[in-house]
Amino acid sequence: MRKFFSINLLLACLLCVVTGSCGKHDNQQDATNSRISAMISRADSLLPNYRYVDLDSVLSNYNLAKDYNEEMLRMQSNMQNEVKKHENSLQSLATTMQNKLQNNGYLSEASYQADQKQYADMQNKAQRAVANLQSNFETTAILAQKTVNDSIEAFIQEYNMSKGYDAIFFKAATLYVNPALDITNEIIEGLNARYNKVK
């Protein structure tokens, strides 16, 4: 009888624990979630208070940089077309002069010298035109690079006002950095959101 009583008591205790824990399940889950959040916060606080950005990725994915890159490619293509056009004109005149020489097409020394002067003038004009295009290309490239760099720098400063990092480095300036410190994607998203708004 005593043995039966102790088994019943044990079952009763187990029943109390089971039924009692069912009511506390939500509270325990909340407590577990709170502990996990605290652990994550503590892990974040153990990270150094600096971050890094992969500038190559930013430049590849920042819409302002991509737009400038397309503009520079267009300018380069136009410059190549202009050079080709001048080369073709010069080649055409040189061929004409050569044919005249071979076929006694020059009736006088003066007419030959006139063609030579025309060739020299065309050559000078072509050199000036190409030099102007090249100078314009270089000026635009410098301005584009400065605009993109200033935009990235200004955004990172603005971004860091809410984050409070002690430093944000470019990845290229380091030998190794913990990947958990990478904020490149956040910077790209923020830059494009701001650029698209202005655009």
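Let's test the formula: R0 of 41 Å, r as the Cβ-Cβ distance of residue 127 and residue 185. What FRET efficiency results, to the nearest 0.05?
Numbers: r = 47 Å, r/R0 = 1.16.
Using R0 = 41 Å, I get an efficiency of 0.30.
For every other residue with a beta carbon closer than 13 angstrom to the beta carbon of residue 187, add +1 if it is Lys or Arg and -1 if Asp or Glu, then tell me the sum. Mind showing how you got there, number by number?
Working: positive: 51, 163, 171, 194; negative: 54, 56, 153, 158, 182, 186, 189.
Charge balance near residue 187 sits at -3.
List the pairs from 85/125; 163/197; 66/197 whose alpha-carbon separation is above 18 Å, in the order I gave them.
On the way: 85/125 12 Å; 163/197 22 Å; 66/197 16 Å.
Listed pairs above 18 Å: 163/197.
Which residues' amide hydrogens lie under 5 Å from the amide hydrogen of residue 51, considering only partners 5 or more residues apart or on another chain, with H built in the peptide plane?
167, 168, 169
Take the solvent-accessible surface of the protein heavy atoms, probe 1.4 Å, and return the percent of it on the range 58-179 that carbon and sulfur atoms account for.
Working: 4380 of 8670 Å².
Taking all protein chains in place, the range 58-179 shows 51 percent carbon and sulfur surface.
Taking a ≥ b ≥ c as the square roots of the eigenvalues of the Cα gyration tensor of the range 61-145, is the shape rounded (a/c under 1.5), prolate (a/b larger than b/c) or oblate? It would help to have the intermediate numbers written out before the result.
Details: a/c = 8.96, a/b = 3.38, b/c = 2.65.
In terms of gyration-tensor shape, prolate.
For the residue pair residue 69 and residue 142, what label-to-label distance in nm results when each label sits 7 Å from Cα along the Cα-to-beta-carbon direction?
In this crude label model, residue 69 to residue 142 measures out at 2.3 nm.
Summing +1 for each Lys or Arg and -1 for each Asp or Glu, what net charge is found among the other residues whose Cβ lies under 11 Å from the Cβ of residue 57? Spell out each step's value before the answer.
Details: positive: 171; negative: 54, 56, 182.
Local charge sum for residue 57: -2.
The values are calculated or read from the model by the stated rules, or taken from the named source; none is laboratory data. Everything numeric in this text was worked out from a predicted model, so none of it was measured. Cβ: placed from backbone, ideal geometry, glycine included. Neighbour counts: every protein chain shown. These area figures cover heavy atoms from the full protein model, side chains too; ligands, DNA and RNA do not enter into them. Shrake-Rupley method; radii C 1.70, N 1.55, O 1.52, S 1.80 Å.
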